[in-house]
1. How large, in percent, is the carbon and sulfur part of the accessible surface of the chain at a probe radius of 1.4 Å?
2. Relative to the longest principal Cα axis of the chain, at what angle does helix 584-594 sit, 0 to 90 degrees, rounded to 10?
3. Can you give me the P(r) profile for the chain? Cα pairs, bins 20 angstrom wide beginning at 0, each as a whole percent.
4. Under a 1.4 Å probe, what is the accessible area of region 119-238 per residue, stated in Å²?
5. For Lys819, put the label point 7 Å out on the Cα→Cβ axis and report which residues of region 762-785 keep their amide N under 20 Å from it.
6. Please compute, for the alpha-carbon atoms of region 7-148, the extent along each of the three principal axes and give them in descending order in Å.
7. What net charge do the residues around Pro571 carry, taking every other residue with its C-beta under 15 Å from that of Pro571, with Lys and Arg at +1 and Asp and Glu at -1?
8. Order the following by accessible area, largest value first: Thr322, Thr567. Probe radius 1.4 Å; ligands, DNA and RNA are ignored.
Amino acid sequence: MKVPLSWLREYVDLPASVAMLAERLTLAGLEVAGVRLLGLPKPEGLRVKQEDAGPVWQRDKIIVGKVLSVERHPNADRLTLATVDYGASTPKTVVTGAPNIQVGDSGQKVILGLAGATLFDGHADSKVLKELKPSKIRGVPSDAMVCSAYELGISDEHEGIIILEDDAQVGTPLADLMGDIVLELDVTPNMARCLSMIGVAREVAALTEQPLRLPAHAVKAAGEPIDGKVTVAIEDSQLCARYAALLLKDVQIGPAPAWMQQRLTYAGMRPINNIVDVTNYVMLEWGQPLHAFDYDRLVERAGAKPPAITVRSAHAGEILTTLDGVKRVLTLDNLVIADTAGAIALAGVMGGADTEVSPSSKNILLESANFDFRSIRRTMKALNLPSEASMRFSKGIHPEIARPAAERAADLMRQHGEAKVCQGMVDNYPAPVAPQKITLDMAGVRRLLGMDFPIEKAVRILQALEFKVEKKGKEALEVITPPHRLDIQSGAADLIEDLVRIHGYDRLPATMLADQLPEQHTNRSMVLEEKTRDILVRAGLQEVITYSLTEPAREAPLGLAKDEYVTLLNPISSERVVMRHSVLAGVLQIASTNLRHTNLVRLFEIGSVYQPVADQLLPREPSRLAIVMIGRRLPEFWGEGTAKVPDVLDFFDLKGIVEALTADLHLTEIAYLPASTPYLHPRKGAELLIHGKPAGGFGVLHPKVAEAYELVGLSVLVAEFDLEAILAAVPARFTLSPVPRFPAALRDIAIIVDEDVTAERLHAEICTAGGSLLREVRLFDLYRGESIPAGKKSLAYALRYQANDRTLVDKEVDKTHKKIEDRLKHVLKAQIRGQ
């Protein structure tokens, strides 16, 4: 919402400091996201982006002038010489190519820039400030120029110069006439009432304790009665709470007054003509969108009978050509304005081309209606038709605003379009919104805010926001909501929010909680999930958070079972149409993006997937853990230097992280089996089993799947686990062993076994033979090569022997180590390398 301060002053007196006003609005929930300066220097303390500053209109360099004569340029057919009086003793003759002043013209009020003025260069490719200097243009000296909106920084329009109203005084500094500051507000949905100048003025009035001045909206209706000239029917009051129509006759279509065009331009809207500009002006002023139909065209469509307007849902396949010239095929979800011949407008979104007001229109039917915000939002998104009107309707507008806005627009059309307003209004209002009556307990206010809040101050603030307030004893207020507020839904809590907004969040004191804390309960699943994050971060991974919304094509390369998706009825984009079945797909996409800037990726995400359940409204939302690792192994010690290129991360790096996770969670009965997961490499993947039940798979991503995620030629390590299955297996209690008092004895053993012997079985046999003295078994090497027979492999283990009550001697260690070698030879027919 762009708010020109000169326009805002019409409704409320503003503080002298613009910086203070911006700060107060921001703290009250209306964030000032930007400030645009139009011809004025930057006020003290106000932050302004460089691109929003624009040229400063020097008071003695950029002034109002009057064209005395326009003559041909002696050396150029497309240029003219304009002589301009600007209040000095001698007028200026300037060279111009403006198409909107012609040879022989005189009397126009224009904006004259004198030598030394700083303006945007109209001939540069981008916006560049340039000082105006005397020069010769096609042989004719010129030390001034008549200015366009582009050169002044008002808009990007530079097809012609600005022509001012006749009452503009010659010699007046332009900064006094058109200088302004525009605040750009980020209006959140709960503050949708502030998508209007009056809405913002209400907030300013309450914040600054100034009176609010509402514009008069009573219309002088001198035309014939409207009775019998149009009827309005509403099929569903839930979709249209109110539809009001006024009839205006003998309208003269032409330009809107300059002051209105200026306000619309500063507020970000393009002036078109007086009728369209009035509807836009009132929409910005009151927050109520309006639409004007060509009444004569409606009569023609009705067979020369009074038009019968109906608000209804579109018929399936019904076609409407909208104002942008596009033929649109409608659905039952679209709300339309129709007559007996068919749809004439998309309700609250865009009018139809067939009943558009044209320069030849004479009679106007003015619509002011209230539509269901969900219906408008659905249509707006489905047809991709965002607009100022649909944006306001989609956030909700109180139906009580429809009548005063219509009356205000009709009177402006009377004043600036010579319209005769017919007496009366067709006002179909089947679903009025009853005002809420709320009891506000001041003790509750003090309890929530942690401070003493006088009842008199509460009354002042609420009345400033146009609530009706009545005291009920010394400690309570009876409050009735005003006819422009739809956001009061939580009763007293919403009123307290308004009190603290206007009082100022920054003025709340820091206090200790006076209430007794409720009994605390541990959320075990949340604690274990957080512990899982800590373990993975300590293992060198970095957490990411991806969208839960995706598209089926993004998950298709993983080859998952083609189960039904949870599908969005109104997606925000074509890439966010369903709820995900896999967390891994999103992490792979993030990894692919990150590899454009780095060569090492170690990511994980914990999040939910969404599985529809038959005959149930809501899906299952099990938690998943996904891991993606790409790149080279980090040096084990800082001192290793960079002489040796680190090895590429492989399956065992990922398996080590999985083992660290299961060990730190104190899981027991862990096993690994060859994986059959479709997205894993057929010989480089494993399935994790906990207590004999599968909990997910991990390994090297299949090359074809990697290619689908733009990870061609890389060794991509991935994992996706059922986090709920893992955390369900975490024991409530576990045993801790003291730190050993006696040193350990370390031995290595390299074993040659058949290819079909798993490392898991080897590990089990070593532990069985090692007994109580063997404390740790760690695989550190797998080798296949020329020195190893075909069909065999070599696995090397680091063994740690240790006792709790003594330092082991070599004889004890040798005896246990020999038992391990003998068992491996006997049970697995293994060969011990080096023997």
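The values are calculated or read from the model by the stated rules, or taken from the named source; none is laboratory data. None of the values given here were measured: they were computed from a predicted structure. For neighbour counting, all protein chains shown are included, and Cβ atoms are generated from backbone atoms with ideal geometry for every residue, glycine included. These accessible areas exclude ligands, DNA and RNA; they are computed on the full protein's heavy atoms, side chains included. Shrake-Rupley method; radii C 1.70, N 1.55, O 1.52, S 1.80 Å.
1. About 51 percent, which is the carbon plus sulfur part of the accessible surface.
2. It is inclined by approximately 70 degrees.
3. Bin by bin from 0 Å, the calculated values are 11, 28, 29, 19, 10, 2.
4. Here the residues of region 119-238 average 51 Å² of exposed surface.
5. 762-778
6. So the three principal-axis extents are 61, 33, 26 Å.
7. On the way: positive: Arg377, Arg378, Lys381, Arg554, Arg576, Arg580; negative: Asp333, Glu551, Glu575.
That works out to +3.
8. Thr567, Thr322
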